[in-house]
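Asks: Below is one structure. I have some questions about it.
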Amino acid sequence: MDANERCEALTSLYEDTPDAVVLYDRSGTVIGANDAARHLTGYEIGEMLGSSYRLHVAPRDRELVELAFQSALAGATDHFDTSVRHKDGSIVPVECYVFPARIGDRLVGVFAQARDIVALRSAESSLSLNQERFRSLFEYHPDGIMELKADGTMSRVNVGLESETGFYGEQLVGKSWTELIAPEHRADADELLRSAMRGEAVEHDSLLLDRLGNRIDVQLKLVPLRAGDSVRGAYAIFKNASAQKNAERKIATRSEQIRRLYMVAASRGESLDAQIDATLALGVELFGWDEGYIVHFASDRLVVRNTVGSGVLRKDSTYPIEATFARFVLEPGKDQLFIADADRPEWRGDSARAIGPWRSYFIVAVDVGGERYGALVFASRSPHHDELDSSERDMLQLMGLFAASAIERASQSERIEQMAFNDALTGLPNRLLFSDRIENTLATARRYERGFAVMYLDIDKFKHINDKYGHAVGDETLRRVAQRLRATTRESDTVSRFGGDEFVILQPIVDGPSDAADLARKLNVAMQEPVVIEGVAHAVQLSAGIALYPSDAQTIEGLMEAADRALYRAKREGRNRWCFADAELARRELRRRPVSRREAAE
């Protein structure tokens, strides 16, 4: 290559280099520039020629560039980072070399070579930011983190781990990480580290030890710490799982409690009262109360329906409603009441405080048939220092619902039995219940050789009331008659409606016709006063036929037929009277009995 070719080659280097190259004379005026300089500054070459370097330097860097320019004029080379001012006014960071321009031994100017370092600065800034982010993530992450060497030695720990364990970092660095793991989990921890050193990210439920030796439920995760292609250690991340584990334990406990409660509710062969008692017993056991009981609100008093526990309360005992905290669930919108300590000032003066030895209560309203029936109450002799959480309240509320359901089923059973054995209009026993009663009476009479009486009755001229005033008035008349019959007879007597205006009375113990005659006389007197319905008086006189066991018949069918015949004889003889099945026998028996002054007056 000759001199001309070498010159062209060097010119090519100047023109084609990707770096901006500018030639200044000794005064700092641009006398030449390559195409890369045009791209870097935004000025055309013609615009640059004749301008001073000071035009292209950011104001803040002019002093630095001035010193570098003077250094180059002295024959030195300088290298520094500075900024170039673009034609559009923006500032472009550059890496700059400044060196002398020579022709032979003569220094004729200065070369400036600049490289755009925007991308580099951005990368450096991003790297620095990422490092800061990582440092911040490590140091201030809410989970405890430790950096481990390959042998499991802790090289640093974060603030989260210090807070969790109570150790300072300097107390932990250099120690084996398994010293902070519960002994029974250390073998698993060692295996996790071996897996991490093989490049695997692994996790495991474990127990972390704090400075006092307390165990903390944690989710442990190990992540490999890589440097290039090799694994140099691991990050151990401890997430406190105490709340989650406690919640899981509570859920498991509550599930078991609910299961046991449903087992009580679903028990077969137990009476409804036994199921309610079992529910109360379960509440006493699970929540540590001394007594569990159900109270029923009855006007201004309450009745203890069921009770389980210490034996302080007795079933069916009654108390004034003002003397119980259960009264508060009668207030609108109040379904629960928790009293942690009844000796606190807000409760100490309450009249209920003086009843019973209890210091703490939990009271749940019990609704049956859409109405406030009463309350389920749990009580203890000692104060309840811990607030009941929502799940405990929900469980106790569920017990109240189970108790309410059992009470409602019992009420339904009573209503069904009432419908099956009682007359729907008057509420008196019907034929079915009367048959059961008279069978028992007959068996007892045969065993003890005593008598009883059956009285068949109907209302004189009842058809006239029905036809003239309608069935509604007729039905009300029957109800009024039933009330008078029930009020006149003894508790041991059975007053039954057989249908229409027919009634039958069973006297389970009579010593002879006189006992039956006494009742017939009382009924006759009770019916002399008319029944007044909507201002109209209706006569409700009765005709009755009486049959006696064993003189008139010794079977139920025979007694009923004898009483029926006697009834029709009473009607034939003029109504508003009674007749015995065997009138002659009855008269003889009645003559033998002394007549009292009251009877004589009647």
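Only the coordinates and a few stated rules stand behind these numbers; no lab work does. As the structure is a computational prediction, the values presented were derived from the model and not from experiment. Methodologically, a virtual Cβ is constructed for each residue, glycine included, from the backbone with ideal geometry; neighbour enumeration extends over all protein chains shown.
Asks: Evaluate the charge dipole of the stretch 431-601 about its Cα centre and quote only its size in Debye, nearest 20, assuming +1 on the Cβ of each Lys and Arg and -1 on the Cβ of each Asp and Glu.
Replies: On the way: 29 positive and 26 negative charges, 108 e Å.
Using only the charged Cβ atoms, the result is roughly 520 debye.
Asks: Would you be so kind as to identify which of C96, A424, S310 lies farthest towards the positive end of the dipole of the chain, taking Lys and Arg as +1 and Asp and Glu as -1 on Cβ and the Cα centre as origin?
Replies: So the residue furthest toward the plus end is A424.
Asks: As a quick test, which of the pairs K221/K245; K149/K245; K175/K221; K175/K245 have an alpha carbon distance above 21 angstrom in this structure?
Replies: Working: K221/K245 17 Å; K149/K245 30 Å; K175/K221 19 Å; K175/K245 28 Å.
Checking Cα-Cα distances, K149/K245; K175/K245 exceed 21 Å.
Asks: Would the stretch 3-116 count as rounded, prolate or oblate if I go by the C-alpha gyration tensor, calling it rounded below 1.5 in a/c and otherwise prolate when a/b exceeds b/c, oblate otherwise? Mind dumping the intermediate values first?
Replies: Values: a/c = 1.75, a/b = 1.23, b/c = 1.43.
Cα axes put the stretch 3-116 in the oblate bin.
Asks: Moving on to the next point. With the Cα gyration tensor of the stretch 325-396 giving a ≥ b ≥ c as the square roots of its eigenvalues, does the rule (a/c under 1.5 for rounded; else a/b larger than b/c for prolate; else oblate) give rounded, prolate or oblate? Please list the in-between numbers first.
Replies: Details: a/c = 2.08, a/b = 1.35, b/c = 1.54.
Oblate, because a/c is 1.5 or more while a/b does not exceed b/c.
Asks: Sort F421, F238 so the one with the fewest other Cβ atoms within 10 Å of its own Cβ comes first. Walk me through the numbers before you get to the answer.
Replies: Values: F421 16, F238 22.
Fewest-to-most Cβ neighbours within 10 Å comes out as F421, F238.
Asks: Another one. Please give, to one decimal in nm, the separation of the simple spin-label points placed at R194 and D335, each 7 Å out from Cα toward the Cβ.
Replies: Inter-label distance under the simple model: 5.7 nm.
Asks: Match the structure shown to one of the listed values (1) 1.48; (2) 0.96; (3) 1.04 of Rg/Rh (Cα atoms, Kirkwood Rh), computed from it, and give that label.
Replies: Working out Rg/Rh (Cα atoms, Kirkwood Rh) from the coordinates points to (1).
Asks: Can you bin the stretch 188-250 into rounded, prolate or oblate? Criterion: square roots of the alpha carbon gyration tensor eigenvalues sorted a ≥ b ≥ c, rounded for a/c under 1.5, prolate for a/b above b/c, oblate for the rest. Present the calculation step by step, with values, prior to reporting the outcome.
Replies: Numbers: a/c = 3.03, a/b = 2.27, b/c = 1.33.
Prolate shape, in that a/c is at least 1.5 and a/b is the bigger ratio.
Asks: If you take every DSSP beta bridge fully contained in the stretch 431-601, what fraction is antiparallel? Give it as a percent rounded to 5.
Replies: Details: 23 of 26 bridges.
In the stretch 431-601, DSSP labels about 90 percent of beta bridges as antiparallel.
Asks: Moving on. Going by amide H atoms built from the backbone, whose H comes under 5 Å of the H on A342, apart from near neighbours?
Replies: Hits under the 5 Å cutoff: S360.
Asks: Which ordering of I237, I117, I407 is given by a fewest-first count of other beta-carbon atoms within 10 Å? Mind dumping the intermediate values first?
Replies: Numbers: I237 20, I117 17, I407 23.
So the residues, fewest neighbours to most, are I117, I237, I407.
Asks: Assign unit charges at the C-beta atoms only (+1 for Lys and Arg, -1 for Asp and Glu), then state the dipole size of the chain relative to its Cα centre in Debye, rounded to the nearest 20.
Replies: Details: 77 positive and 94 negative charges, 767 e Å.
Charge dipole, the chain, about its Cα centre: 3680 debye, nearest 20.
Asks: Using a cut-off of 15 Å between beta-carbons, work out the net charge of the residues near G233 (Lys and Arg +1, Asp and Glu -1, G233 not included).
Replies: Working: positive: K149, R156, K175, R194, R198, K221, R226, R232; negative: E147, D151, D190, E200, D229.
Within the 15 Å Cβ shell, the charges total +3.
Asks: Just name one of S543, A443, L506: the one whose Cα is farthest towards the positive end of the charge dipole of the chain (beta-carbon charges, Lys/Arg +1, Asp/Glu -1).
Replies: Farthest towards the positive end: S543.
Asks: While we're looking at this one, here's another question. In whole angstrom, how far apart do the alpha carbon centroids of the stretch 427-472 and the stretch 490-527 sit?
Replies: Answer, in whole Å: 8.
Asks: Still on this structure, please answer the following. In the chain, with Lys and Arg counted as +1 and Asp and Glu as -1 at Cβ, which of these residues, I355, F167, A404, has the Cα nearest the positive end of the dipole, that is, farthest along it?
Replies: I355
Asks: Checking the cross-link filter: which lysines have an alpha carbon closer than 30 Å to that of K522, excluding same-chain neighbours under 8 positions apart?
Replies: The reachable lysines, counting only those whose Cα sits under 30 Å from K522, are K461, K463, K468, K571.
Asks: Which percent, to the nearest 5, of DSSP beta bridges fully inside the chain are antiparallel? The partial results should precede the final answer.
Replies: Details: 112 of 115 bridges.
Counting only bridges with both partners in the chain, antiparallel ones make up about 95 percent.
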